[in-house]
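In what follows, a structure is listed as structure tokens, so that the remarks can point back to it.
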Amino acid sequence: MAQIISAARRKVKGRGGNYEDLDGHTDPAPQSPPDSLRSESAPHSIYGGDDSNDLLGQEIEMTSVSVVPDDTFTVTQAVNAFGFGKFQVRLSLFTGLCWMADSMEMTILSILSPALHCEWHITRYQQALTTTIVFLGMMLSSTFWGNVSDRYGRKKALTMCAVLLFYYGLLSAFAPNFLWILFLRGLVGFAIGCVPQSVTLYAEFLPTKQRAKCVVLLDCFWALGACFEVLLALLVMPTMGWQWLLALSTTPLLAFACICPWLPESARYHVASGQPDKALETLQKVAKDNGKPMLLGRLVVDDGSMGRRGRLRDLLGPELRRTSLLLWFIWMACAFCYYGVVLMTTELFEASANRCSEDGSLSSQLKPIETCSADCKELTTTDYIDLLWTTLAEFPGIFATIFVIERFGRKRTMAVQFVIFAICIYFLLICSAERSFLTAMLFVARGIIAGVFQAAYVYTPEVYPTPLRAVGVGSCSAMARLGAMVTPYVAQVLLNSSLLLAMTVYGLAALLAAVACFMLPIETKGKEMKESVSGPQLHRPQGNQPIGTATAS
């Protein structure tokens, strides 16, 4: 039942009075009220006479409806109206720098392990532990950072993350022994657990039509970071060693920490945390930067968006339980396969001469699990160049994902890519004397699985409502780290004893994840980001004070 609020609207000024719609167009001021507002519930007209110059309207607002009145707007409508412009370009660069730093810290894992094996004589299991400890820190911290982000803001969480990540990353370069490197790299992993929240912040400022494309393109910065790390290792490792590589790899982290004060806070977070005035200020800044007029009227929010925020158990509520459980498995399988390819690349390059037996069949064991320092093989220039080629595979994977994700949807894109990845993995079982064949298969496999990761990063923020978006992304990231913790023991230990068994594990994980993608209950293609769990009901605070009113500047 509509409830009529006795607040006078602006008087239409002269003949030039215009109203601005959500798309930035101007329409003539209405001369008479629409017929839909002349109902039995209001027998006496609230519009008065027919003379438009003396006409005083009254604002009509619904207390529990899903249709937003003409003189109000939501954050989603504002973001869509402002479009993609200068504000989003700058935010893309800020967020991309964060992803570049994260990528460098991840890529260094495949380079650090062989170096420590040769210098400190660590075993294969200890090499795997060097990688696992980083992912353990990420897994333990992902939901923590998600909770911090939902409760205290995306900007504050990312600022803390940048400072800690730079500090512990730099200290890792001075680690005197293996225990210290484990401890410090674990703390690096703890800080990295917040990086996915940069995607949450970024996605909340993107218009619906451009959201998927922009989030996938963000992976270009990840690929650039990985390529830069390989090139840096090629220059630094032969002469200066892994300590200098760790120290120089923190440069993008320092740059991101310095620009954090200029990061915008999410307008959706401000609304969800009961700070609509700050949300209006942010939206006015977006409009100004993009050269668009600010929407006229009041900012309204959903009932659910001002309630509980950042509670992990709400992800397992009746409406989100199936989605959350399936997404957790998909993210875990995705990270398991992605980092498996990253780690097995250096392992396969090291043992490329031993892959085939004398009779031309696949060797049952690439190399002994326990090796002494005299048997260690440091990565050569050729290894680094081939590693760079496989890293470059992420670029075609990105563009392929952009091409299909808007045409076939998020669910189908992830499922098909998982199947293609499984096929590529099984091709690695073919024994070929040509190293180019090995490089090509790893190239395709890495490009495909990188595309799956980006499709998951598109889907997850879209499917969770604003009060649970950050903790939802954080919980998925935590499950991804669980898969990443296991993968070193397959890619660095099991692979050296049985290539067939290792490839079977990765192929089976990818196929099961493809089935999970098809089972997801919601397809988010073309849909708005949800503001509440229960539904899009409008909310007004107690009393007659407006949530926020925007006026033309």
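The values are calculated or read from the model by the stated rules, or taken from the named source; none is laboratory data. Just so it is clear, the structure is predicted and the values come from calculations on it, not from any experiment. Neighbour counts run over all protein chains shown; Cβ positions are idealised from the backbone, glycine included. What goes into the accessible areas is simple: the full protein's heavy atoms, side chains included, and nothing from ligands, DNA or RNA. Shrake-Rupley method; radii C 1.70, N 1.55, O 1.52, S 1.80 Å.
So here's what we get for this one:
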{"quantity": "Mean separation of Cα contacts under 8 Å, 6 or more apart, over the residue count of segment 156-300: relative contact order %", "calculated": "29"}
{"quantity": "Over segment 204-263, volume per residue of the alpha carbon convex hull, in Å³", "calculated": "82"}
{"quantity": "Mean Cβ count within 10 Å, highest first, over the residues of peptides 412-419, 190-197, 241-248", "calculated": "190-197, 412-419, 241-248"}
{"quantity": "In sequence order, calculated HN-Hα J values of segment 190-197 (Karplus, 6.51, -1.76, 1.60; Hz; x Gly/Pro)", "calculated": "4, 6, 5, x, 8, 4, x, 5"}
{"quantity": "Alpha-carbon Rg/Rh ratio, for segment 105-216, with Rh computed the Kirkwood way", "calculated": "1.08"}
{"quantity": "Segment 252-292 versus segment 180-221: alpha-carbon centroid distance in Å", "calculated": "17"}
{"quantity": "Theoretical gain in end-to-end length, Asn177 to Glu523 [0.36 nm per residue, Cα-Cα removed]", "calculated": "119.6 nm"}
{"quantity": "C-alpha center-to-center spacing [segment 143-163, segment 433-457] in angstrom", "calculated": "32"}
{"quantity": "HN-Hα J in Hz across segment 379-389 - Karplus 6.51, -1.76, 1.60, θ = phi - 60°, x for Gly and Pro", "calculated": "5, 9, 4, 4, 4, 5, 5, 5, 5, 5, 4"}
{"quantity": "Farthest toward positive dipole pole in segment 373-484 [+1 Lys/Arg, -1 Asp/Glu at C-beta], among Ala415, Ile398, Leu442", "calculated": "Ala415"}
{"quantity": "Ratio Rg/Rh, restricted to segment 379-422 and using Cα atoms, in which Rh is the Kirkwood radius", "calculated": "1.18"}
{"quantity": "Per-residue ³J(HN,Hα) for segment 229-242, Karplus 6.51 cos²θ - 1.76 cosθ + 1.60, θ = phi - 60°, Hz, x for Gly and Pro", "calculated": "5, 5, 5, 5, 5, 4, 7, 8, 4, x, 10, 10, x, 6"}
{"quantity": "Segment 404-445: translational diffusion in µm²/s, Stokes-Einstein, Kirkwood Rh over Cα pairs, 10 °C, 1.306 mPa s", "calculated": "138"}
{"quantity": "Amide hydrogen neighbours beyond the local backbone of Leu299, cut-off 5 Å, H modeled", "calculated": "Phe73, Gly548, Thr549, Ala550"}
{"quantity": "Shape of segment 99-142, Cα gyration tensor, a/c cut at 1.5", "calculated": "oblate"}
{"quantity": "Rounded Å value of the spacing that divides the Cα centres of segment 374-431 and segment 465-526", "calculated": "15"}
{"quantity": "Rounded accessible area of Arg90 (nearest 10 Å², 1.4 Å probe)", "calculated": "70"}
{"quantity": "For Ala173, distant residues with modelled amide H under 5 Å away", "calculated": "none"}
{"quantity": "Given Lys292/Lys411; Lys288/Lys411; Lys209/Lys411, the pairs whose alpha carbons are separated by over 29 Å", "calculated": "Lys292/Lys411; Lys288/Lys411"}
